[in-house]
Amino acid sequence: MSYEEKFRMNPRDIDEANINDQCDSILAEADKHNLQLEVVWSAFKHKEQFPTASLLECLQVGADEWDV
């Protein structure tokens, strides 16, 4: 079985790839507006308040705070 076939068959890997794509999109959009540092800073502040929050959730909060 090839790597691609294993990847397609593993739902966890697919979910992780989708989450990574969403995180990348948030950071790319923030970069377009020269707000990448601000978004990441807000994401870290959210993580301090909510330690169990996922990376995606933190970045979404940071992006929302900066209207990205």
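When you count the other C-beta atoms within 10 angstrom of each residue and take the mean per peptide, 36-44, 16-24, 58-66 line up highest first as 58-66, 36-44, 16-24.
Within the accessible area of the chain, the carbon and sulfur atoms contribute 54%, probe 1.4 Å, all protein chains present. Going by alpha carbons, how many degrees (0 to 90, nearest 10) lie between the helix axis of 36-49 and the longest principal axis of the chain? Once rounded, the angle reads 90 degrees. Along the axis of the charge dipole computed for the chain (Cβ charges of +1 for Lys and Arg, -1 for Asp and Glu, origin at the Cα centre), the listed residues 60, 46, 34 are led at the positive end by 46.
Treating each Cα of the chain as an identical point scatterer and summing with the Debye formula, the log10 of I(q)/I(0) at q = 0.11, 0.16, 0.27 Å⁻¹ comes to -0.33, -0.58, -1.07.
The values are calculated or read from the model by the stated rules, or taken from the named source; none is laboratory data. Worth saying up front: this structure is predicted, and the values here are computed from it rather than measured. Glycine gets a Cβ as well: all are built from the backbone with ideal geometry, and neighbour counts include every protein chain shown. Ligands, DNA and RNA are excluded from the accessible area calculation, which covers all protein heavy atoms including side chains. Shrake-Rupley method; radii C 1.70, N 1.55, O 1.52, S 1.80 Å.
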